[in-house]
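Each reported figure results from applying straightforward, stated rules to the coordinates on display, with no laboratory input. Being a predicted model, the structure only gives us computed values, none of them experimental. Positions of Cβ are backbone-derived with ideal geometry, glycine not excepted, and every protein chain shown enters the neighbour counts.
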Amino acid sequence: MAKFDESASDDNVLWNYFRSGDENAFGEIARKYYRSLFTYGTKFSRDREFVKDCIQDLYFELWSKRETIGETDFVKFYLLKSLRRKIHRESSRRNWISDEGELDFETDDGDLSIEQKIIEFESNAEKVRLINHHLPLLPKRQQEIIYLKFYENLDNESIAQVMSISRQAAANLLYRSIKELKDRI
């Protein structure tokens with residue numbers, strides 16, 4: 001079993017140490033991505049305890065299957081996609097998802113919201129006010145892709161994998177979402 005050097009922060013290195021059984025590397029991955037996973041998970045369910053349970057189950061499954069898990073250059077989106085599948089699987093097993101099947105892309109006060117990211121980019125208070133008004137009016141899938149792009153800073157390839165769509169479909173959906181948002185403003 002390889003030993004994880006705590007000074008190594010590269011995701012590839014962490015992932016490979018984790019796969020070889022290093023508990024410290026796994027702990028570092030779990031700590032590094034917990035907040036992103038939790039925030040993303042709460043977009044699918046308002047039940048925070050359910051989301052925490054799904055993350056814990058995901059981490060348990062990862063550790064249990066570490067020897068058979070393949071390499072990845074994109075740890076963050078691997079985890080996001082895995083959590084998304086787990087939440088949908090558990091939700092359908094429990095026969096519910098979020099509230100009436102709608103995603104919740106409102107953010108907590110402590111989180112840096114999509115609107116706040118746009119504020120930094122646009123530096124224009126009036127546009128931000130308009131975006132805040134119109135973003136919740138977009139279909140939930142468009143809200144999700146904007147969240148992944150601007151909050152999680154994922155590229156189109158990663159977004160496609162998280163959402164289980166093709167790269168071209170992700171690019172098209174993102175383009176349409178941004179265009180629709182701009183047209184509304």
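A simple spin-label model places pseudo-atoms 7 Å from Cα toward Cβ; at residue 140 and residue 67 they are separated by 4.0 nm.
Descending by average beta-carbon neighbour count within 10 Å, the peptides 177-185, 11-19, 23-31 line up as 11-19, 23-31, 177-185, the highest first. Cβ crowding within 10 Å, taken as a proxy for footprinting-reagent exposure, orders 162, 51, 75 from fewest neighbours to most as 75, 51, 162.
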